[in-house]
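Enquirer: My structure is below; once you've seen it, I'll send some questions.
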Amino acid sequence: MRKIMTPIVLGTSLALSSTAHAETDFGKVVSGIAQSLIAQEADKAAYLEAQRRDTASAYRDYLTKFPQGAFRVNAQQSLDKLGASVDTDNPPRTDGGNQSAASVEASIGLTRAQRILIQKQLTSIGYSPGVADDLWGRDTRKAISRWQTANKLPASGYVTAKQVRQIARQAGSDVDTDASESVVKDDPVEERLLSLTREERRDVQRRLTYLGYSTRGVDGAFGPNTRRALAEWQRDSGLRASGYLTADQLRALRRDTGG
């Protein structure tokens, strides 16, 4: 009887062991599926948020977080329509380096609310940029240059992350200095700094067309036709015909079309 029971017990033990292993493996599979679904939902949510914001920095943020995401091609195409580079593998340096001052400022990713706040802070410390409207044109660049000169910094007219914090700390003090108009010109970056939404780009196209500079469509994408129309308007307005829009030019365009 003992000889018969031994293999039965052994077989039962092996069966139970196999079942336990199977349950463990099944649990791992279920856990893996759950994690995959969570990752997919996070990917989708991040892209939808970038799409809602519809800015170059928003799409770059998505590509940085999800370089192999399901919507990476969509994000890259959106950046292309915005006239911005993807540049997620080699993000802009913020230490000055060989980059232009405008590119360094662009890499900070200031929101419109932050730009308005900085304009108000500059006014409070004696460097008024005029109206605090988040469009950093000639007056704001001059105000920043004057502040930089007073603080023994290169008077580029563009801020770094460290300088933004320094302006915030100084808000409320009274400093006076001579003006400096040293402004770095980088038209594509200037336009990128505007952070125009798709609807605002459509508005620019409508205004250009109204003035007789056809963009051959109002789709919010600044392609060759829009660049050509912009350059023609700039040339006729006595401006540098770069085909890229600056803050001061956007104001002028709105003024010329009654808005």
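Enquirer: Filter the range 224-241 for residues that are open to solvent by less than 40 Å² (accessible area, probe 1.4 Å) and either touching a residue at least 60 places away in the same chain (Cβ under 8 Å) or farther than 18 Å from ARG202 by Cβ (or both) and give the result.
Expert: Within the range 224-241, ALA231, GLN234 qualify.
Enquirer: A further question on this structure: Please determine, by comparing only the residues of the range 26-57 that are at pLDDT 80 or above, within 25 Å of ARG112 (Cα to Cα) and among the hydrophobic types (A, V, I, L, M, F, W, C), which one is surrounded by the fewest Cβ atoms within 10 Å (Cβ to Cβ).
Expert: So, considering only residues that are at pLDDT 80 or above, within 25 Å of ARG112 (Cα to Cα) and among the hydrophobic types (A, V, I, L, M, F, W, C), the one surrounded by the fewest Cβ atoms within 10 Å (Cβ to Cβ) is ALA45.
Enquirer: Right, another one. Those residues that are outside any helix (DSSP H, G or I) and touching a residue at least 12 places away in the same chain (Cβ under 8 Å), I need them from the range 201-215; list them, please.
Expert: LEU211, TYR213, SER214, THR215
Enquirer: Please go through the range 220-259 and pick out each residue that is part of a helix (DSSP H, G or I) and hydrophobic (A, V, I, L, M, F, W, C).
Expert: Hits for the range 220-259 are ALA229, LEU230, ALA231, TRP233, ALA247, LEU250, ALA252, LEU253.
Enquirer: Report, by residue number, each residue of the range 97-114 that is surrounded by fewer than 19 Cβ atoms within 10 Å (Cβ to Cβ) and in contact with an Asp or Glu (Cβ under 6 Å, 6 or more places away or on another chain).
Expert: Listed by number, the residues that qualify are SER100, ARG112.
Enquirer: Could you please find all residues in the range 138-170 being part of a loop (DSSP other than H, G, I, E, B), touching a residue at least 40 places away in the same chain (Cβ under 8 Å), of a type outside the set (Phe, Trp, Tyr) and crowded, with 19+ Cβ neighbours inside 10 Å?
Expert: SER156, GLY157, VAL159, THR160
Enquirer: Taking the condition closer than 24 Å to ALA102 by Cα, assigned to a helix (DSSP H, G or I) and not β-branched (Val, Ile, Thr), does GLU190 pass?
Expert: The answer is yes for GLU190.
The values are calculated or read from the model by the stated rules, or taken from the named source; none is laboratory data. Remember, predicted model here, so these are calculated numbers, not experimental data. Counting neighbours? That spans all protein chains shown, and the Cβs are built from the backbone with ideal geometry, glycine included. Calculation scope for accessible area: heavy atoms of the full protein, side chains included, ligands and nucleic acids excluded. Shrake-Rupley method; radii C 1.70, N 1.55, O 1.52, S 1.80 Å.
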